[in-house]
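Some notes on the structure that comes next.
The values are calculated or read from the model by the stated rules, or taken from the named source; none is laboratory data. Predicted model, so just to flag it, every value in this text is computed and none were measured. Note that we place each Cβ from the backbone using ideal geometry, even for glycine, and neighbour counts take in every protein chain shown. To get the accessible areas, we keep the full protein, side chains included, count just its heavy atoms, and leave off ligands, DNA and RNA. Shrake-Rupley method; radii C 1.70, N 1.55, O 1.52, S 1.80 Å.
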Amino acid sequence: MAKYKCIYCLTEKDESAFNREHVVPRMMGTYNNGFVLGNHQVCEECNSYFSKELENKIGLDSHEAFLRMQYGNKRMSDGRILQNKRIALTGNGGIFKGLKFTVVSDSSKQERVHFDISPCIGISKVGSQDEYDYYSLDNLPQATEETLSHLKEKPHGIISVDLKREDVEQALKDKGYLSDSYTYSEPEIASMYGKTDFSTAIRISIDSIMRRVCAKTVFNYLCFSEGSDYVLQSKFDELRKYIRYGIWSNNLWFRYSQEPVSTAQLPTPTSHCVGYMFFPQNGCWNMCGCLTWFGQLTYIFKLGVTDIPITRFNVLPPTKMAYFDNDTKNISEESAVFVYGGRPDDQYHFKK
Ligand SMILES: [Zn+2]
C-alpha cells in the first residue's frame, strides 16, 4: 500500500489512514465549490484532533461563534447558547449597565439571535440616578448603612431578573436589605428590557485555540493551492508544530484587528477571506498568512521564512487570496499582489 506523509504530524502512514479535511472548518460555513484536502494530505488522527480539540471548543465560545450565529450560511438551530469564556457581553448604559447578557440563537429574529439577561439582583447605585449594581443570589454583599439610606429614597431601589421572588426575599433578608422600614417592590425589568434601546460592551479574549484554528485554515489553503510538497518544506515546521501541538516558537507572531484585510475586495461584507503573501524582514522575503472571518475579524501571522533576498527584480512565488461568500456559498480566488506593511508604490512593490 502506498505511503504518504501527513502535513501536520509529518508521520508517514498508509493511504487508508488519511481522510478529507475541509480548508475552512465546516462550522464557519459550507460552500459549493468544495476546497477540501482529500489527496492523502491530512491524516485521520490529526483531522479528528483538530475538530475535537480546536474547532469544537470555539464553535459556541468566541466572537467568531457570535458572528456565525448572525451571518453563517448554515443557520444554527434555535436555542443554542453562546458560552462566555472567550466573549462576554455586558450592558453599557443606564439601567442595563453592568447586566450580563447571554446570546441565544433565534431564527425568528432578524439578527438570528436574542439576548437573555443572566439571573441577578440589582441594587440601586449610591449616588446614581438610574444605574444599578448587579449580583447573583450567591454574591450579594451585606447591606451597608449608606446603601440602606440611599434605598429609602428610591422607589425602585431593588430589582431582580429571572429569579424566584421568595429566593430574592430570602437573600435580601439574609444580607440586611429588608426590614420594617424598607419593603421590596419589584418592577418589571422584563418589560423595560425590549422597549428600551441599549448598547453592549463586548469583551473578547483571543487564546491559543483561536489562533491555531486561524493558522490551520491558512495552512490548509496553502496546501490546497501549492500542494503537499510545498507545505512539507521545513521552513513551515514552527507553524506546523504550533497548529498541531500548541508549541509556540518566539519566531512566530500574530496580529489581530477588527477590520478586514485592507487589500481584500470582499464580494459581500460577511465573506471570509483566506490568503498568504510575502513581507520584507531582515533583508529577505518572508511569508505571512491572513484570515478575516465574516468580513470583520482579521488575523495576520507569520507562516515561515524564505532565503529569497529583497532585490528590485524579485520574482516571487504567487501569493493568493480566496473569498468564501456566505451569501452565495461560492468560493473565488485571486492572485494577491500585496506587501504587508508596505505601500504599492514603494521599493518593495513586486509584480505577479
Ligand atoms: Zn497527521
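Determine the pairs where a residue that is open to solvent by less than 50 Å² (accessible area, probe 1.4 Å), located within the stretch 38-49, has a partner that is β-branched (Val, Ile, Thr) with Cβ atoms under 6 Å apart, the partner being 6 or more residues away or on another chain.
These pairs meet every condition: 41/7.
Quick one: would you say residue 65 is assigned to a strand (DSSP E or B), under 26 Å from residue 116 (Cα atoms) and touching a strand residue (DSSP E or B) at 6+ places or on another chain (Cβ under 8 Å)?
Details: assigned to a strand (DSSP E or B): no; under 26 Å from residue 116 (Cα atoms): yes; touching a strand residue (DSSP E or B) at 6+ places or on another chain (Cβ under 8 Å): yes.
No; evaluated as a whole, the condition is false for this residue.
Any chance you could count how many residues in the stretch 93-111 are part of a loop (DSSP other than H, G, I, E, B), buried (at least 16 other Cβ atoms within 10 Å of the Cβ) and within 19 Å of the chain's Cα centre (by Cα)?
So the first thing to find is which residues in the stretch 93-111 are part of a loop (DSSP other than H, G, I, E, B), and the list is 93, 97-99, 106-111.
With the extra rule that they be buried (at least 16 other Cβ atoms within 10 Å of the Cβ), the set shrinks to 97-99, 106.
When the remaining residues are screened for being within 19 Å of the chain's Cα centre (by Cα), the result is none.
The qualifying residues number 0.
Has the stretch 64-82 got at least one residue that is within 16 Å of the ligand (Cβ to nearest atom), out of contact with any Lys or Arg (no Cβ under 7 Å at 6 or more places or on another chain) and open to solvent by 70 Å² or more (accessible area, probe 1.4 Å)? Give the derivation first.
Residues of the stretch 64-82 that are within 16 Å of the ligand (Cβ to nearest atom), as a first pass: none.
Looking through the stretch 64-82, none of the residues is within 16 Å of the ligand (Cβ to nearest atom), out of contact with any Lys or Arg (no Cβ under 7 Å at 6 or more places or on another chain) and open to solvent by 70 Å² or more (accessible area, probe 1.4 Å).
Restricting attention to the stretch 298-338, and to residues there that are open to solvent by 20 Å² or more (accessible area, probe 1.4 Å) and of a type in the set (Gly, Ala, Ser), which single residue is modelled with the lowest pLDDT?
Residue satisfying both the conditions and the ranking: 335.
Residue check, residue 39 against (1) within 16 Å of the ligand (Cβ to nearest atom); (2) assigned to a helix (DSSP H, G or I), all met but one. Which one?
So the condition that residue 39 fails would be (2).
From the residues in the stretch 1-27 that are among the hydrophobic types (A, V, I, L, M, F, W, C) and at pLDDT 95 or above, which one is nearest to residue 55 (Cα to Cα)? Reasoning before the result, please.
The first filter runs over the stretch 1-27 and keeps only residues among the hydrophobic types (A, V, I, L, M, F, W, C), leaving 1-2, 6-7, 9-10, 17-18, 23-24, 27.
Then drop every residue that is not at pLDDT 95 or above, which leaves 6-7, 9-10, 17-18, 23-24.
Working: 6: 19, 7: 18, 9: 18, 10: 21, 17: 21, 18: 19, 23: 13, 24: 11 Å.
Restricting to residues being among the hydrophobic types (A, V, I, L, M, F, W, C) and at pLDDT 95 or above, the top hit is 24.
Inside the stretch 117-213, counting only strands (runs of 3 or more DSSP E) that do not spill past its ends, which hold 2 or more residues that are modelled with pLDDT under 90 and either surrounded by fewer than 17 Cβ atoms within 10 Å (Cβ to Cβ) or assigned by TED's automatic domain parsing to the domain that holds residue 48 (or both)? So that I can check it myself, show each step before the final result.
Working: elements: 120-124, 132-135, 158-161, 200-204.
Strands (runs of 3 or more DSSP E) meeting the threshold: 200-204.
When the stretch 50-63 is examined, which residues are found to be free of Cβ contacts under 8 Å to residues at least 40 places away in the same chain and open to solvent by less than 20 Å² (accessible area, probe 1.4 Å)?
Residues satisfying the conditions are 59, 61.
Take the residues in the stretch 5-35 that are more than 27 Å from the chain's Cα centre (by Cα) and in a loop (DSSP other than H, G, I, E, B); name whichever of them is farthest from the ligand (Cβ to nearest atom).
First pass over the stretch 5-35, keeping only residues more than 27 Å from the chain's Cα centre (by Cα): 5-6, 10-18.
Next cut, in a loop (DSSP other than H, G, I, E, B) only: 6, 10-11.
On the way: 6: 3, 10: 8, 11: 6 Å.
Restricting to residues being more than 27 Å from the chain's Cα centre (by Cα) and in a loop (DSSP other than H, G, I, E, B), the top hit is 10.
Pairs under 6 Å by beta carbon, first residue part of a helix (DSSP H, G or I) and modelled with pLDDT of 95 or more in the stretch 226-254, partner within 16 Å of the ligand (Cβ to nearest atom) and open to solvent by 60 Å² or more (accessible area, probe 1.4 Å), six or more apart or different chains?
241/247
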